[in-house]
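Accompanying notes for the structure given below.
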Amino acid sequence: MQKKLNISQILVYYDMPELFIATDEVDTNYICLLLEVDENSPSYLSTAISANRLSKFIKGQIELRQVLIEPEINDWYSFNIDNENIIAERTDIQNFPEIFLPEQGFYLNNEILDNSNIVQEVVQKDNAVVHLAISDDKDDFSIDTDDLGDIVKLYSVMLENSFKKGLIEHKVKEKKALIVPMNYKLRAFAASRASFNIHLYSKSQKDLFGNCMVEYGLEKIEQILTEYASDEELINSLKSLKGHAVSSFKKILKKILDENLKLKHKWFAPNQKEVHFKVLDTFKAQKIYDILNLSEELTEEVKELTGVFVQADVERGTWRIKTNDDDKEFSGEATSEELRGITLDTVTYKLVCQEIIEEFKVTEKEKVKYIFKSVIKLDE
Amino acid sequence: MTEWFEELPEQCPPKDAFSPSGQTFYRLVNGQTLTSDDFTSQQEEFSWKEFLKVDKCIIRAVSIFLDKADCEKMLKFQRHKHKNVYALTLLEKDGVVKQTFKPSHHSWWRTTNFELEVI
């Protein structure tokens with residue numbers, strides 16, 4: 001009997017995958033251990049493992065030896081890897097061979113102390129999962145639907161902008177190709193008590209080590225929700241998100257303060273060693289909000305556009321510029337004074353402007369506004 | 001021009017790999033006498049065409065750990081249990097490294113300038 005397996009996530013890597021998870025055609029998980037490497041190829045032995053048991057193994061609650069000595073189904077499949085496909089053959093062995101058993105005490109991670117089922121959800125979804133819990137002063141596991149809608153929308157915008165900042169910060173190559181909704185949008189799939197707790201999962205691109213693209217954004221959000229010892233440290237953290245991400249964060253803070261809400265942010269992803277959890281209550285929100293009000297420039301997103309003006313209306317204070325790079329038109333506002341003397345169509349300018357994103361109700365698309373800051377004539 | 005110890009594919013090492021500047025890393029080696037083979041990738045050793053879907057660049061790198069305990073943990077596997085943990089201090093001339101897996105695991109692309117004596 002054969003199984004065609006697809007590698008899903010490498011759990012332990014040392015020059016080559018030592019231990020990994022693969023799935024068969026019906027999405028059953030198999031834990032696969034490297035036994036030995038001969039001149040031709042490495043050979044592995046695998047057995048099916050339930051999502052529940054796998055999540056316990058990931059949480060550091062059971063050790064590898066136990067997983068192998070006491071399999072849930074005593075069926076073993078062996079395979080060699082000599083091409084991209086894994087064709088595993090059922091073997092007749094009754095037990096995992098002693099000579100290949102790992103020593104006692106191999107836990108994948110230090111024990112992850114978390115009472116929710118987020119790790120199991122990550123195993124099931126094979127991607128990052130977020131629990132976003134919202135409570136108000138009633139604190140009765142329910143929430144006003146307007147508050148819920150607003151928070152989810154603002155969080156979604158903040159995640160998108162944080163993701164983009166994360167890509168820049170990590171100097172990720174070919175950024176443009178990665179800025180696609182699947183890498184920063186989340187889908188709701190469940191809710192639970194503990195405030196009103198919505199469960200969201202990502203369908204972002206993931207590599208074999210379990211690194212999900214959406215983590216670039218989640219890590220940035222984690223960073224700004226961290227308790228800092230001083231205001232300076234907090235400001236430095238906010239600086240790394242300067243622009244739209246901070247702007248959307250500020251809107252969340254205002255919502256929390258206006259409606260007396262509390263937000264709990266929990267997330268986990270296949271490559272993580274711990275469940276991340278942060279709380280944003282009115283006390284913390286007020287502190288950050290006050291700092292942001294004193295540092296307006298943190299919310300400002302500056303954009304540089306190089307191209308030719310196709311319109312500059314001094315009376316109305318409006319302009320349009322066509323960029324040289326991608327032939328795209330941008331339009332915005334300026335004072336009459338700023339637009340005076342602009343030459344249309346023939347002169348290339350470098351325009352520096354402030355980009356403002358106005359979010360509307362949940363289902364509406366955002367509107368982008370550009371405010372003229374300065375302009376330099378490049379050539380004629 | 002950098003001379004890599006192994007033939008590397010295009011755009012390898014990745015741009016975000018960094019030059020070490022005296023950091024200590026840990027690797028498992030065979031026996032007490034070190035040889036160059038202790039610091040070669042599996043691709044170099046076995047020349048497999050493809051290895052699962054692991055990035056061709058990463059499979060040509062050598063695994064090292066920043067955290068000694070993470071390296072020691074590998075000794076729990078039967079195929080590594082007779083090996084020893086060695087500390088190596090890497091300098092800029094030795095190549096570039098990148099954190100590629102759980103925080104402590106790094107991939108090291110070795111140059112021909114790496115000398116065993118530095119260990």
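The values are calculated or read from the model by the stated rules, or taken from the named source; none is laboratory data. Just so we're clear, the structure is a prediction, and the values are computed from it rather than from any experiment. Here Cβ is always computed from backbone atoms with ideal geometry, including for glycine, and neighbour counts include all displayed protein chains.
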Any idea which of A:K287, A:K273, A:K303 is within 14 Å of another protein chain (Cβ to nearest Cβ) and out of contact with any Ser or Thr (no Cβ under 9 Å at 6 or more places or on another chain)? A:K273
Part of a loop (DSSP other than H, G, I, E, B) and of a type outside the set (S, T, Y): is that true of A:N271 in this structure? yes
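Take the residues in segment A:1-35 that are polar (S, T, N, Q) and part of a strand (DSSP E or B), then tell me which one is nearest to the other protein chains (Cβ to nearest Cβ). Lay out the reasoning, then the answer.
Applying the first criterion (polar (S, T, N, Q)) to segment A:1-35 yields A:2, A:6, A:8-9, A:23, A:28-29.
Applying the additional criterion that residues be part of a strand (DSSP E or B) yields A:2, A:6, A:8-9, A:23, A:29.
On the way: A:Q2: 18, A:N6: 9, A:S8: 10, A:Q9: 11, A:T23: 13, A:N29: 16 Å.
Among those residues, the one meeting the criterion is A:N6.
The rows are residues; the columns are (1) in a helix (DSSP H, G or I); (2) touching a residue at least 60 places away in the same chain (Cβ under 8 Å).
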| residue | (1), (2) |
| --- | --- |
| A:R90 | no, yes |
| A:F96 | no, no |
| A:L132 | no, yes |
| A:K138 | no, no |
| A:L154 | yes, yes |
| A:F163 | yes, no |
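Listed residues A:F283, A:F309, A:F277, A:F268; which is aromatic (F, W, Y) and free of Cβ contacts under 8 Å to residues at least 40 places away in the same chain?
On the way: A:F309 fails: free of Cβ contacts under 8 Å to residues at least 40 places away in the same chain; A:F277 fails: free of Cβ contacts under 8 Å to residues at least 40 places away in the same chain; A:F268 fails: free of Cβ contacts under 8 Å to residues at least 40 places away in the same chain.
Exactly one residue qualifies, and that residue is A:F283.
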Pick from segment B:11-28 the residues that are over 14 Å from the mean Cα position of the chain (by Cα) and within 18 Å of B:L116 (Cα to Cα): which of them is nearest to the other protein chains (Cβ to nearest Cβ)? B:S21
Cβ pairs under 8 Å, 6+ apart, first in segment A:323-341 and in contact (Cβ under 8 Å) with a residue 40 or more places away in the chain and more than 15 Å from A:K377 (Cβ to Cβ), second charged (D, E, K, R) and surrounded by 11 or more Cβ atoms within 10 Å (Cβ to Cβ): A:F330/A:R320; A:G332/A:K369
All but one of (1) assigned to a helix (DSSP H, G or I); (2) modelled with pLDDT of 90 or more; (3) not aliphatic (A, V, I, L, M) hold for A:S248; state the number of the condition that does not hold. (2)
Among the residues of segment A:182-209, write down those that are farther than 22 Å from A:N271 by Cβ and either surrounded by fewer than 17 Cβ atoms within 10 Å (Cβ to Cβ) or within 14 Å of chain B (Cβ to nearest Cβ) (or both). A:A188, A:A190, A:A191, A:S192, A:R193, A:A194
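Could you list, in sequence order, the residues of segment A:38-56 that are within 14 Å of chain B (Cβ to nearest Cβ) and either within 13 Å of A:T23 (Cβ to Cβ) or surrounded by 18 or more Cβ atoms within 10 Å (Cβ to Cβ) (or both)?
A:P42, A:Y44, A:L45, A:S46
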Is at least one residue of segment A:223-236 of a type in the set (V, I, T) and in a strand (DSSP E or B)? no
Looking at segment A:256-266, is at least one residue over 30 Å from A:L54 (Cβ atoms), aliphatic (A, V, I, L, M), in contact with a helix residue (DSSP H, G or I) (Cβ under 9 Å, 6 or more places away or on another chain) and surrounded by fewer than 20 Cβ atoms within 10 Å (Cβ to Cβ)? yes
The listed residue being in a loop (DSSP other than H, G, I, E, B) and at pLDDT 75 or above, out of B:E10, B:E50: B:E10
Any residue in segment A:171-188 that's free of Cβ contacts under 8 Å to residues at least 60 places away in the same chain: show its pairings with residues that are among the acidic types (D, E) at Cβ separation under 8 Å, as long as the two are six or more apart or on different chains. A:K171/B:D16; A:V172/B:D16; A:K173/B:D16; A:Y184/A:E160; A:K185/A:E160
Residue check, A:Y77 under 15 Å from A:N197 (Cα atoms) and either away from chain B (no Cβ under 13 Å) or part of a loop (DSSP other than H, G, I, E, B) (or both): no
Checking the condition of a type in the set (V, I, T), more than 23 Å from B:Q43 (Cα to Cα), within 14 Å of chain B (Cβ to nearest Cβ) and over 27 Å from the mean Cα position of the chain (by Cα), which residue from A:I62, A:I99 passes? A:I99
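Give me a count of the residues in segment B:79-112 that are outside any strand (DSSP E or B) and within 13 Å of another protein chain (Cβ to nearest Cβ). Walk me through how you get there before you give the answer.
We begin by selecting, within segment B:79-112, every residue outside any strand (DSSP E or B); these are B:79-83, B:91-94, B:100-104, B:112.
Going one step further and asking which of them are within 13 Å of another protein chain (Cβ to nearest Cβ), we end up with B:79-83, B:100-104.
Of the residues in that region, 10 qualify.
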Against the condition at pLDDT 90 or above, β-branched (V, I, T) and within 11 Å of A:F309 (Cβ to Cβ), how does A:V347 come out, does it pass? yes
